[in-house]
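First the structure, in the form of structure tokens, and then the observations on it.
The values are calculated or read from the model by the stated rules, or taken from the named source; none is laboratory data. Since the model is a prediction, treat every value here as computed from it, not as a measurement. Glycine also receives a Cβ, built like all others from the backbone with ideal geometry; neighbour counts cover every protein chain displayed.
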Amino acid sequence: MKQLLLLAATGFLLQTGTSQQLSKEGTHDISKKANKGYLYEPKINEEKKELEMTYVTKASGKKAKFETYRFDLDFTFKGMEESEVPLEKIKGYKGDEYTLNAVTVESNLLGTLVLRRKIITRKWNWFWGGYESKIKLAEKLKPKTEEGDKMVYIAHTQQDELETVLIIAGAKGAVREDPWRQYKEFHVLRYDRDLNRVADEVIKFETPQYLVGINSMGTDEGEGDAAEDAEETTGQDDILMLFAPAGGAMFKKIADPAATNYTFVRVGYDGKIKERISVPSKAPVFNGDMFLVSGSDVYIIGATGGGDKSYYNESFADAQPNSVGRSLQSDNFKAKGFQIVKISGGKVAYATITTLAEFEAKAKTPPSQKKKPEYTGKRFRVQDMKLAPNGDFFVAGQKFNKNKNGTFYEDIIMMHFNNGGALKAAYGVRREENSKGSSGMPNTQLLEFSKDGSKLYWMIMEMAGLRAEKELGTSKFKALVYPSVSKIDINSAAIGEFVQFGQGKTDYYVNNKYPLLPIGKNELVFLGENKNGKTLWFAKMPLE
């Protein structure tokens with residue numbers, strides 16, 4: 001084993017101003033067995049003030065073998081221990097295989113809601129330390145209202161671990177009685193594993209409505225498909241929804257005369273309605289399909305547009321509601337602004353719109369960057385949203401475009417709003433890596449605040465390429481990703497230079513699953529390795 005090598009400070013550590021710095025770097029070689037295995041669990045042992053890196057080196061029978069490398073918090077190597085652990089004690093392990101009898105949702109050609117029993121077989125995979133799922137579909141059920149009317153599918157959220165499903169559906173009615181019933185009467189349905197209806201709450205409106213956004217959408221794999229369940233969820237979060245009045249030619253005689261009369265609804269995971277609040281939008285067309293929850297407060301975010309007399313459905317008639325992190329602006333919609341609505345204490349605390357002219361006027365870049373990328377109202381993918389301790393609000397995203405070869409991602413933009421929803425700055429950044437492979441995927445963006453809440457560390461993960469390798473005998477691709485970091489002064493809305501860590505004479509890349517760990521509230525440590533994975537790399541960054 002090569003002893004720990006502490007790297008000397010390089011040129012980027014000498015930068016001043018608002019540029020970010022590292023306080024310490026270190027490397028250490030791991031065994032061939034650990035390199036052929038995978039990183040199972042990195043953690044900071046607060047009691048011993050140590051960093052522990054645990055690798056799975058072999059898994060067979062009823063036990064797994066581990067190698068744990070211990071370092072102090074300055075990355076001095078303290079020792080390595082081998083261990084053998086029964087499988088039942090492995091984090092997240094529930095047996096080699098287990099089955100869930102859940103429910104999935106379909107709709108036929110007429111949009112009628114159809115339920116199907118979904119049998120999920122989950123099998124433990126040592127390749128990445130989690131379960132893979134295989135789906136088989138069984139019998140069908142077409143739910144009806146108490147009056148015997150069929151329902152129109154709108155949206156649903158999976159609750160697989162609870163073996164239930166929660167569905168939003170419109171009630172069909174006889175044309176001669178009310179042909180618009182499915183747009184005015186929405187049912188919040190919950191079904192159990194035996195396709196029994198266990199909840200049916202009704203949301204009624206006087207005029208037709210469209211569902212703009214819902215914060216938890218269900219996704220089903222087809223029969224026989226496999227999917228990695230990267231994170232176990234309980235399905236017990238609240239469901240947040242935003243409705244918009246429908247208008248235009250089809251609804252002309254019965255539409256709400258005010259296209260800005262939106263409605264927010266909060267539903268518990270059990271299907272019970274908790275809140276229903278009128279939201280007077282500042283614009284008639286508000287694509288408010290993103291939600292952020294902070295305590296009991298909810299922030300609704302989205303692009304705005306349309307003419308003075310336009311309705312939401314005239315711009316998004318075929319839109320499907322998305323959840324945060326997946327929200328893609330419609331290809332055919334040109335936004336005129338960006339709205340934030342804050343719900344607090346059972347009412348709207350504020351609703352603010354930022355125009356494109358304001359985005360242009362408040363565009364900022366790192367000091368050395370000449371071009372100012374701007375939010376132009378066109379294709380934009382939101383990657384992350386975060387609320388600062390002082391109430392300022394950050395929306396980090398990326399511009400994208402499309403051609404015959406697919407989608408490719410471009411400049412990165414982060415919007416900075418004050419605690420009243422007004423824009424303070426729009427930071428625009430050019431990508432470091434712009435190869436065909438790297439531009440085909442959006443950049444991961446991580447946001448972390450300093451201990452006193454006055455600074456924001458904006459970490460953009462840049463992909464330099466892919467590498468094929470094996471873990472426990474199975475081939476996989478590893479993304480060669482390194483962090484590019486800038487520090488933002490929240491009060492003055494000043495952005496510093498971006499600094500790339502790990503790149504230099506010997507390139508290092510962060511671990512794809514565990515790129516960093518916090519050390520208390522004062523520091524972060526990036527966890528990485530060289531291209532072939534034989535040498536670990538650590539980089540400590542103070543959160544000043």
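As a summary of the residue check, Ser315 satisfies the conditions (1) modelled with pLDDT under 90; (2) hydroxyl-bearing (Ser, Thr, Tyr); (3) surrounded by 19 or more Cβ atoms within 10 Å (Cβ to Cβ); (4) under 22 Å from the mean Cα position of the chain (by Cα) except for the one numbered (4).
So that you can scan it fast, the table gives a plain yes or no per residue for (1) among the charged types (D, E, K, R); (2) surrounded by 16 or more Cβ atoms within 10 Å (Cβ to Cβ):
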| residue | (1), (2) |
| --- | --- |
| Gln383 | no, yes |
| Gly391 | no, no |
| Phe394 | no, yes |
| Lys402 | yes, no |
| Ile412 | no, yes |
| Lys424 | yes, yes |
| Lys436 | yes, no |
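Among the residues of the range 282-296, is there at least one that is closer than 21 Å to Phe380 by Cβ and modelled with pLDDT under 80? Within the range 282-296, not a single residue is closer than 21 Å to Phe380 by Cβ and modelled with pLDDT under 80. Per the conditions (1) in contact with a Ser or Thr (Cβ under 8 Å, 6 or more places away or on another chain); (2) at pLDDT 85 or above; (3) within 26 Å of Phe408 (Cα to Cα), the sole criterion not satisfied by Ala246 is (3).
Can you pull out every residue in the range 65-87 that is among the hydroxyl-bearing types (Ser, Thr, Tyr) and either touching a residue at least 24 places away in the same chain (Cβ under 8 Å) or surrounded by fewer than 16 Cβ atoms within 10 Å (Cβ to Cβ) (or both)? Those that are among the hydroxyl-bearing types (Ser, Thr, Tyr) and either touching a residue at least 24 places away in the same chain (Cβ under 8 Å) or surrounded by fewer than 16 Cβ atoms within 10 Å (Cβ to Cβ) (or both): Tyr69, Thr76, Ser83.
Of the strands (runs of 3 or more DSSP E) that lie entirely inside the range 360-430, those containing 1 or more residues that are touching a helix residue (DSSP H, G or I) at 6+ places or on another chain (Cβ under 6 Å) and within 22 Å of Ser450 (Cα to Cα) span 423-429. Among the aromatic types (Phe, Trp, Tyr), over 26 Å from Arg379 (Cβ atoms) and either touching a residue at least 12 places away in the same chain (Cβ under 8 Å) or not in a strand (DSSP E or B) (or both): does that describe Phe264? Considered against the rule, which asks whether it is among the aromatic types (Phe, Trp, Tyr), over 26 Å from Arg379 (Cβ atoms) and either touching a residue at least 12 places away in the same chain (Cβ under 8 Å) or not in a strand (DSSP E or B) (or both), Phe264 comes out as yes.
For Glu132, indicate whether it is within 29 Å of Asp192 (Cβ to Cβ), of a type in the set (D, E, K, R) and surrounded by fewer than 15 Cβ atoms within 10 Å (Cβ to Cβ). So Glu132 does not fit the description; no. Of the set (1) modelled with pLDDT under 80; (2) crowded, with 22+ Cβ neighbours inside 10 Å, all apply to Pro143 but (2).
So, restricting to strands (runs of 3 or more DSSP E) that lie completely within the range 26-122, which ones have at least 2 residues that are over 30 Å from Gln159 (Cβ atoms)?
Filter on the range 26-122 gives 38-45, 50-60, 63-72, 77-86.
Applying the condition of being in contact (Cβ under 8 Å) with a residue 60 or more places away in the chain and assigned to a loop (DSSP other than H, G, I, E, B) to the range 271-287 and asking which residue is surrounded by the most Cβ atoms within 10 Å (Cβ to Cβ) yields Ser281.
Counting only residues that are touching a Phe, Trp or Tyr at 6+ places or on another chain (Cβ under 6 Å) and either crowded, with 17+ Cβ neighbours inside 10 Å or touching a residue at least 40 places away in the same chain (Cβ under 8 Å) (or both), the range 88-110 holds 2 of them. Among the residues of the range 51-63, the ones that are buried (at least 17 other Cβ atoms within 10 Å of the Cβ) and closer than 30 Å to Gly520 by Cα come to 6 in all.
For the range 492-526, a residue qualifies if it is in contact with a Pro (Cβ under 7 Å, 6 or more places away or on another chain) and among the charged types (D, E, K, R), and the qualifying residues are Glu497, Glu523. Checking each residue in the range 356-375 for being surrounded by 15 or more Cβ atoms within 10 Å (Cβ to Cβ) and within 16 Å of Lys334 (Cβ to Cβ) picks out Leu356, Phe359, Glu374, Tyr375. Among the residues making up the range 38-72, a single one is of a type in the set (D, E, K, R) and in contact with a Phe, Trp or Tyr (Cβ under 6 Å, 6 or more places away or on another chain): Glu67.
Which of the residues belonging to the range 471-488 are of a type outside the set (Gly, Ala, Ser) and either under 10 Å from Trp458 (Cβ atoms) or modelled with pLDDT of 90 or more (or both)? Across the range 471-488, the qualifying residues are Leu480, Val481, Tyr482, Pro483, Val485, Lys487, Ile488.
Looking across the range 494-506, the residues that are in a loop (DSSP other than H, G, I, E, B), over 19 Å from Asp452 (Cβ atoms), in contact (Cβ under 8 Å) with a residue 12 or more places away in the chain and out of contact with any Leu (no Cβ under 8 Å at 6 or more places or on another chain) come down to Glu497, Phe498, Gly502, Gln503, Gly504, Thr506.
Evaluating Thr365 against the criteria (1) farther than 27 Å from Met441 by Cα; (2) touching a Pro at 6+ places or on another chain (Cβ under 8 Å); (3) modelled with pLDDT of 95 or more leaves one unmet condition, (1).
Taking the conditions exactly as written (among the acidic types (Asp, Glu) and in a loop (DSSP other than H, G, I, E, B)), does Glu433 satisfy them or not?
Numbers: among the acidic types (Asp, Glu): yes; in a loop (DSSP other than H, G, I, E, B): yes.
For Glu433, the condition - among the acidic types (Asp, Glu) and in a loop (DSSP other than H, G, I, E, B) - is met.
Out of the range 516-544, which residues are assigned to a strand (DSSP E or B), farther than 19 Å from Ile30 by Cα and touching a Ser or Thr at 6+ places or on another chain (Cβ under 9 Å)? Scanning the range 516-544 gives Glu523, Lys540, Met541, Pro542.
Ala349 meets all of the listed conditions (1) farther than 30 Å from Arg266 by Cα; (2) assigned to a strand (DSSP E or B) but one, namely (1).
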